[in-house]
1. I'm trying to understand the selection: among the residues of the range 11-43, which are under 18 Å from the mean Cα position of the chain (by Cα) and either assigned by TED's automatic domain parsing to the domain that holds residue 189 or closer than 13 Å to residue 60 by Cα (or both)?
2. Which of the residues that make up the range 34-56 are more than 22 Å from residue 187 (Cβ to Cβ) and in contact with a helix residue (DSSP H, G or I) (Cβ under 8 Å, 6 or more places away or on another chain)?
3. Residues 192, 253: which one is crowded, with 21+ Cβ neighbours inside 10 Å and modelled with pLDDT of 60 or more?
4. Which one of these is buried (at least 18 other Cβ atoms within 10 Å of the Cβ), without any contact (Cβ under 8 Å) to a residue 24 or more places away in the chain, within 21 Å of residue 221 (Cα to Cα) and in contact with a strand residue (DSSP E or B) (Cβ under 8 Å, 6 or more places away or on another chain): 143, 89, 112, 103?
């Protein structure tokens, strides 16, 4: 099936919508290609509107274009199981024989290791394991989950960082009601739609604690063509949303 045979699905997240498409197309999720249906975020006059869901246009990709990513996903799943951890593993940004293997695990800090040493070793082993059959492929591993602030707030050091993390956890309890979370997700989607349409990066202007930054990162993680990164701006930690140009700008919490 080619891009000409498209279907449109809707979900609370891009991942949910893609999974629905996979069921309708009767193919593995990894074989679904998709793009954001930008019209869903606009009214009849072309103005951006708040919505609670996303729509994606999906079609079945050529299996040959995905097989390297699928093999790498299976290898990572097997390794994590042998390490005694649990994780959800998915493929992202599969294009031109490049793929990101996304790992979401409560044991993220152990998979990353001190200073990223464990993750670096896993990445080396993955590329070595894939080199025989998929030597033309390039793989990146993105680990999320667990106590994300320990892994990603690399700009904070010593007790100063500890105080910030404790404050962030208090902020999460004091500031993030269900309504706050919903509004933050809607804001993230609106800005992602703007970035995908214009190619111009956007920054969420208000400072966000680590819990709020994680919400934004995870909400946008599966939206094709955009990515996120944490930046320091005027002494505050903020989230930048940018067009994904394939240069590997990382999304830190």
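1. 18, 19, 29, 30, 31, 32, 33, 34, 35, listed by residue number.
2. Narrowing the range 34-56 to residues more than 22 Å from residue 187 (Cβ to Cβ): 34, 44.
Residue satisfying the conditions is 34 alone.
3. Numbers: 253 fails: modelled with pLDDT of 60 or more.
192 is the lone residue from the list that is crowded, with 21+ Cβ neighbours inside 10 Å and modelled with pLDDT of 60 or more.
4. Numbers: 143 fails: without any contact (Cβ under 8 Å) to a residue 24 or more places away in the chain; 112 fails: without any contact (Cβ under 8 Å) to a residue 24 or more places away in the chain; 103 fails: without any contact (Cβ under 8 Å) to a residue 24 or more places away in the chain.
Only one candidate passes the filter, namely 89.
The values are calculated or read from the model by the stated rules, or taken from the named source; none is laboratory data. Only a predicted model underlies this, so the values are computations on that prediction, with no experimental measurement involved. Positions of Cβ are backbone-derived with ideal geometry, glycine not excepted, and every protein chain shown enters the neighbour counts.
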